[in-house]
Amino acid sequence: MTRDEYADMLIAKEADESRDAYPSVDPDTQADIVKKYRALHERVRNEGYYQCHYSAYAKELGRYLALGATSMTALYHGWYMTSAVFLGLFWHQIMFTAHDAGHGAITHHFETDSLIALFIADFCCGLSMGWWKSSHNVHHLITNDTEGDPDIQNVPIFANCPSFFKSIKSTYYEGFVQVWDKAADIIIPYQKYTYYPIMALARFNLYLLSWLHVISNRSGALRQGKAWWIRPTEVVFMACYWFLFGYCLVWRTLDNWPLRVAYVLVSHLVTMPLHVQITLSHWGMPTSNIGETESFPQRQLRTTMDVDCPEWLDWIHGGLQFQAVHHLFPRVPRHNLRRLQVLVKEFCAETGIRYNIHGFVDGNKVVLNRLEEVAKQVETLVQCQNYMAETGESGLH
C-alpha cells in the first residue's frame, strides 16, 4: 500500500463515519433539508434577527475604551507589563467587532461596515481586513474542504486530516501545492504539543499575511468597482498602526531592548485565546467529502462545532461560540446569535442533522484528540517507510 493508498483508506473511513452519522445525501433528502433551511431563513428575516441592536455595541465600546485606557494609564505610570496585558486584552476583544463588520452584520451597508472593520483591524490591530475577507469568505463557502479552505491548509505545521498526506493542491492559493515532505513527517507527530505554543505566537504570522495580501494581485484587483478605496486605506491604516505601536510606543516610550521585547511578547501572548477560539470550531471536525449532493446547511453543521457557555460569558467568546449558527446565517448580528441558536437546534432536530456543541474545555479536547489521531497516522506511515527502506519490502500491511 502506497502513501496515497493509505491516505485514501483513512479518508474513506472518515467519509463512511459521516454518512452513518448524518442524513443521506440522496437528492430527495437533501432537497428537503434545503427547503426547511430556506423556510428557517424566512423566519429569521421576518422575526427581526437581522436587526442590529446598537445598544449592545455601546456596551462593547465601553469595554474597549476601558481596556485601552487602562493600558495607556499603566504605560504612563511605568507599569509596563500591566499595560501590555491590557493592550492584549483590548486587541482580543475589539477584533470580535471587526469580525462582525467584516460580515456586514452591523449596519448591513458595505461602505460603513467596511470602514468600521478597517479601522479596527488595520488601524487598531495592524491586521489586514482585506486579507481576512479574502480568506474568510472562502472558508464560509467550503468549510473544511482540504483543497479549498485556507483555514486548514497549514502543512507542514499542522494537519487535521490524512488528505494532506497526498500533497494537496490549493485552489485558494491558485494551485500552490501543500507538499507533504520530510519536514511534515518530523513536525506533525508533535502537533498536539505544539498547538498552544504556536497559537500563542500566531499574531506575528497574521502581520506577515496581512502585508503579503496588501501587496498581492488579489488585493490590487479591488481597484475596480466600489471597493477601489479598500487597498489604499489598508496601507495607510496599517502604516499608522506601526507608527503608533511600533515607533511611538515600543521604540520611543520603552528605553531598552529587554523591556521592548517583553512588552511585545506579553501583549501578543495575551491574544492567544482568540486564535484558539478561531481554530476550535473546525479543526476537530470532519473534512471528508460525502457527495456533491450534500446540501449547504448539512455541510456547515457537519464541519462546525459550537461552544457551550453561560450567557454571562458571551463577551469573552465574542460570538465565536456560536459558529455553527453563524455559518448558517453569517450576516445575523452577533448579539442575536444566542436567540437564533434555539431555532437552529429545532432545525437540526427536524432534519436529523447532528448539532455539535461542547464546553470550551471539551472542545479543546476534541481538537487535541484530532491532532493526536492524525499524528499517530503519520507515525505509522513513517515507521512503515523506514521498515521498507531497511528491509527492501514494500507496502503497509
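Here, each number is a calculation from the coordinates, and none is a lab measurement. Quantities reported herein were computed from a predicted structural model and do not represent experimental measurements. No Cβ is skipped: glycine too gets one built from the backbone with ideal geometry, and neighbour counts run over all protein chains shown.
List residues of segment 91-125, by number, whose backbone nitrogen lies under 15 Å from a label position 7 Å along Cα→C-beta of TYR50. Once the point is set 7 Å along Cα→Cβ of TYR50, 103-110 turn out to lie under 15 Å by backbone N, inside segment 91-125. With both labels modelled 7 Å from their Cα along Cα-to-Cβ, the HIS140 to GLU379 distance reads 4.0 nm. Of ILE357, ILE120, the sequence from fewest to most neighbouring Cβ atoms within 10 angstrom is ILE357, ILE120. The stretch between ALA389 and LYS35, if pulled fully straight at 0.36 nm per residue, gains 121.9 nm over its current Cα-Cα span. Sorting CYS248, CYS161 by the number of Cβ atoms found within 10 Å of their own Cβ, with the fewest placed first, yields CYS248, CYS161. Adding -39500 (n - 2.57) for every DSSP H run of four residues or longer, then dividing by how many residues the chain holds, sets the calculated 222 nm ellipticity at -19500 deg cm²/dmol. As a rough footprinting exposure proxy, the listed residues ASP181, ASP145 were ranked by other beta carbons within 10 Å of their own, and the order from fewest upward is ASP181, ASP145.
Let me check I've understood the local charge: for TRP315, count other residues with C-beta under 14 angstrom from its C-beta, Lys and Arg +1, Asp and Glu -1. What total comes out?
0
Given the pairs LYS13/LYS192; LYS166/LYS192; LYS13/LYS365; LYS36/LYS226; LYS192/LYS345; LYS59/LYS365, which span a C-alpha to C-alpha distance of over 28 angstrom in this model? Violating the 28 Å limit, Cα to Cα: LYS36/LYS226; LYS192/LYS345; LYS59/LYS365. Each eigenvalue of the Cα gyration tensor of the chain, multiplied by 5 and square-rooted, gives one semi-axis; in descending order these are 36, 29, 20 Å. Extension gain for LYS59 to TRP251 (0.36 nm times residue separation, less C-alpha to C-alpha distance): 65.8 nm.
Of TRP79, VAL270, TYR6, whose Cα points farthest to the positive end of the dipole of the chain (charges on the beta-carbon: +1 Lys, Arg; -1 Asp, Glu; origin at the Cα centre)? Positive-end residue among those listed: TRP79.
The modelled label-to-label distance between SER24 and TRP312, using points 7 Å beyond Cα along the C-beta direction, is 4.9 nm. For the chain, calculate the relative contact order in percent as a whole number, restricting contacts to Cα pairs under 8 Å that are 6 or more residues apart. Taking the mean separation of contacting Cα pairs over the length of the chain, I get 26 percent. Listed by chain and number, the aspartates and glutamates whose alpha-carbon sits under 15 Å from that of LYS376, ignoring those within fewer than 8 places in the same chain, are ASP185. Using the Cβ-Cβ distance between GLU292 and CYS240 with R0 set to 41 Å, the FRET efficiency works out to roughly 0.35. Each of ASP362 and ASP8 was given a label point 7 Å from its Cα along the Cα-to-Cβ line. The distance between the two points is 3.8 nm.
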